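Inspection log for the structure reproduced underneath, given as structure tokens.
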Amino acid sequence: MMGLRIVFLLIGMWIVFTSCDSEEQDQLILNEDGIVLDVDMSLFLEGTTVSTIPCTLSDGTVTDCYQITTTSTASDHQMGPWCPSNISDGEEAGGIWLESGQVYDVDGAFIKNLASFYNDNTWMMYDENGDIYITATEEDCINAANPDVGAEYQNFCVECLPSYITDLAQSWVIPITPIKQSNASNFAMGGGPTGVSGPTVRGIAFNGIEFSGAAPTDAILSAYTLAPFDDAGGHINVHQGYHYHAATGVSTEVSQLDGHAPMIGYAMDGHSIHTQLNEDGSEPSDLDQCRGHYDETRGYHYHVDAAGNNNFINCLAGAYVN
């Protein structure tokens, strides 16, 4: 009899544990798209404020969202430098530039060779002593970043400093539970396609800094200015604050136990964003038009584009906040 009681007890425990596992799975499998993971607010770093607010998504869903507020400065890494001061300076004195899919160090030699690099002798961003012309004030930063930049800023390296944005706060709103759509949404102006109504921002890093649309490098170069990014892929606009145009592995990453590409933040539809490559150096081969795919650990999620492409993701697969 004692043996039978032990058997029945073990069977009962198995049923309880199986039931619990089933309930946990039911919480993850929310729809026909498979596993859906909520945004994990605990991943956002000190310096951000996360609150829950009601929201309406682009597909009409009324739900709860996280509002992430930041001071628009990175808390987890140094911002800058951007412009080297002399053509003799090494790579540690400047940031990076993105051109034709490649990442270039903006060191003194890069500035010195701009005329050859762009095959245009108008480029001459330094004086007879090799000192590089750099915007020196907030006013210069604003004027040189203006789309109608004046001729007086031609051949200037544009460097806007964190001290210019001490009183700027930004808030982003993303759905707590992502809802994948049958059709992807394009991004609006600000680096995305024109004539569409989607958001301009691609997503948010764990430090609260935005993953922006493509930097308008053609407009910058047409004025014979250069606005480098720092080694983290970011630079500053006084109206926008510090923001990223490329993922370079500097901002906070959350590693994955299975060797999958680390997570770097969330897209505006609440799906997670990961680095381009897995730990073995491979890029997933099944990415869709938005640069997303699905697995049974992370659900649907994105992988960013190569840093040199001045791009993060191509579109949003899920509903976003209007």
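Quick check: the distance between the Cα centres of region 82-112 and region 134-170, to the nearest angstrom?
Taking the Cα centre of each part, region 82-112 and region 134-170 sit 18 Å apart.
Amide H of Glu99 versus every other amide H placed in the peptide plane: which residues, excluding those fewer than 5 positions away on the same chain, fall under 5 Å?
Those lying under 5 Å, H to H, from Glu99 are Tyr104.
Mean residue ellipticity at 222 nm from the helices of the chain, using -39,500 (n - 2.57) per DSSP H segment of n ≥ 4 over the full residue count, to the nearest 500 deg cm²/dmol?
Rounded to the nearest 500, the figure is -4500 deg cm²/dmol.
Rounded to the nearest 0.05, what FRET efficiency is calculated for Val50 and Glu152 with R0 set to 45 Å and r the Cβ-Cβ distance?
Rounded to the nearest 0.05, the efficiency is 0.55.
Give, as a single signed number, the net charge of other residues whose beta carbon lies under 15 Å from the beta carbon of Arg291, with Lys and Arg counted +1 and Asp and Glu -1.
Local charge sum for Arg291: -3.
Expected output is a single nm value to one decimal: the length gained when fully extending between His239 and Ser282, i.e. 0.36 nm times separation in residues minus the C-alpha distance. What is it?
Value of the extension gain: 11.7 nm.
Calculated FRET efficiency, Ser182 and Asp120, Cβ-Cβ r, R0 51 Å, to nearest 0.05?
Rounded to the nearest 0.05, the efficiency is 0.65.
Roughly speaking, what is the centre-to-centre gap between region 35-67 and region 266-322 when only Cα atoms are used, to the nearest Å?
18 Å
Taken together, the values in this text are just the output of simple stated rules run on the coordinates, not laboratory data. Here the structure is a predicted model, which means the values were calculated and not measured. Every residue, glycine as well, gets a Cβ built from its backbone with ideal geometry; the counts of neighbours run over all protein chains shown.
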